[in-house]
Amino acid sequence: MTLSIPGFDHVRLPGAGGVGLAAAVGGSGSGSPVVLLHGFPQTHLMWRHVAERLAGEHTVICPDLRGYGASDKPAATGEDVYAKRTMAADVVALAAALGHERFALVGHDRGALVAFRAGLDHPETVSHLGILDVVPTLDMWNVLHGVPAAVGYHLFLMAQPPGLPETMIAASADAFFGSFLDAWANDPAAIPAEVRAEYLRASAAAVPSIVADYRASAGIDVTHDQADLDAGSQLAMPVTVVQQDWGAQLGYDAAGVWKAWAPDLDHRLTRAGHFMAEEAPDEIAGAIRDLLAR
């Protein structure tokens, strides 16, 4: 049985090109909508604590990204299938199908890259943008240098041409995906056994599409980011970024990177680990409330 957010309804609606997206929807039907996008190697379940905290004030929508969880996993027949531009269009289509033409959007990890692209491509739709523990794709590659870049070895592995990464990961899926749950959590108890098992089950069932998502970030996503950078495009809405102190660890100005993209920026550092929505849900829910008040 797939785990989900207690008390939320479960829907399946079309994203871009008719790709089926599974989502948990709950909260105040009259409250402003907030869409929460999950990261790797997770599903919408990662938002369970934050979603429950926001549900009294907002309509909360937590989809599984295309290629993850219970959402469709189309074959990567072209580089655009898992482009963040396409995945952002999924989110806009899903929200519209639920009756929301404008919404706040918060993403973690892979979901944050989708959210970033949605903010650039759909400024009339995304009213507020929250980002948890990433920098934009173009900047990510630019800050990974030398031995410290080993923390992101999976980015390089899944950037390889189709075939080898999928074979290697599928051969030891639980060990591969579980290693990130172990290494990236400051508080392992924040991901209890049944939740961990759900993440591993869902990830093992989605190896080709997860790799395709990452591979896009070494190709078409960089192209799209570079085009926006060259055009001087910026995020027009209020933006809050919450992240670990990656700038100190990797030797770059994290707030400065984000300020170049987001003039209206609230940049925060957290003592929580990468899985901050599960490790520090009060902190993250509070940051989202502060964002929505701007």
Local electrostatic count at Ala218 - Lys and Arg +1, Asp and Glu -1, tallied over other residues with Cβ under 13 Å:
-2
Quick one: order Lys84, Lys73 from most to least accessible surface, probe 1.4 Å.
Lys73, Lys84
Rank Glu283, Glu79, Glu198 by accessible area, highest first, at a 1.4 Å probe radius?
Glu79, Glu283, Glu198
Contact order normalised by residue count of region 80-159, Cα under 8 Å, 6+ apart, percent
26 percent
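Send over a whole-number figure in Å² for the accessible area per residue of the chain, probe 1.4 Å. Mind showing how you got there, number by number?
Values: 11080 Å² over 294 residues.
I get 38 Å² per residue for the chain.
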Considering amide H positions built from the backbone, and no H for Pro or chain starts, which residues 5 or more places from Ser127, or on another chain, come under 5 Å of its amide H?
Phe103, Ala104, Leu105
Residue-wise HN-Hα coupling along region 242-250, computed from phi with Karplus coefficients 6.51, -1.76, 1.60 (Hz; x: Gly, Pro):
10, 8, 5, 7, 5, x, 5, 6, 10
Under a Cβ-Cβ cut-off of 13 Å, what is the net charge of the residues other than Gly130 that fall near it, where Lys and Arg count +1 and Asp and Glu count -1?
-3
Report the charge-dipole magnitude of the chain in Debye, nearest 20, computed about the Cα centre from +1 at each Lys and Arg Cβ and -1 at each Asp and Glu Cβ.
260 debye
When DSSP beta bridges are limited to those with both residues in the chain, what percentage is antiparallel, rounded to the nearest 5?
35 percent
Identify, among Val126, His10, Leu229, the residue whose Cα sits farthest towards the positive end of the charge dipole of the chain, taking +1 on the Cβ of Lys and Arg and -1 on the Cβ of Asp and Glu, with the dipole about the Cα centre.
His10
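With an 8 Å Cα cut-off and a minimum separation of 6 or more residues, compute the relative contact order for the chain in percent.
For the chain, the relative contact order is 21 percent.
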Farthest towards the positive end of the dipole of the chain, among Ser71, Tyr82, Pro136 and with Cβ unit charges of +1 on Lys and Arg and -1 on Asp and Glu, lies the Cα of Ser71
Could you tell me which of Ala218, Val207, Pro238 has its Cα farthest along the dipole of region 200-266 towards the positive end, charges placed at Cβ (Lys, Arg +1; Asp, Glu -1), taken about the Cα centre?
Val207
Karplus ³J(HN,Hα) for region 226-239 (6.51 cos²θ - 1.76 cosθ + 1.60, θ = phi - 60°; Hz, whole; x = Gly/Pro) runs 5, 4, 5, 4, 4, 7, x, 5, 9, 6, 7, 9, x, 10
How much solvent-accessible surface does Met140 expose, in Å² to the nearest 10, with a 1.4 Å probe and all protein chains in place?
30 Å²
Compute, for Arg85, the solvent-accessible surface of its heavy atoms (probe 1.4 Å) with the complete set of protein chains present, and express it in square angstrom to the nearest 10.
90 Å²
When the Karplus curve 6.51 cos²θ - 1.76 cosθ + 1.60 is applied with θ = phi - 60°, which whole-Hz ³J(HN,Hα) does each residue of region 201-218 get, with x for Gly and Pro?
4, 5, 5, 4, 7, 10, 4, x, 6, 5, 4, 4, 4, 5, 4, 4, 6, 9
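The values are calculated or read from the model by the stated rules, or taken from the named source; none is laboratory data. Model, not experiment: these values are computed from the prediction. We place every Cβ from the backbone using ideal geometry, glycine too, and count neighbours over all the protein chains shown. Just the protein is used for accessible areas: all its heavy atoms, side chains included, with ligands, DNA and RNA removed. Shrake-Rupley method; radii C 1.70, N 1.55, O 1.52, S 1.80 Å.
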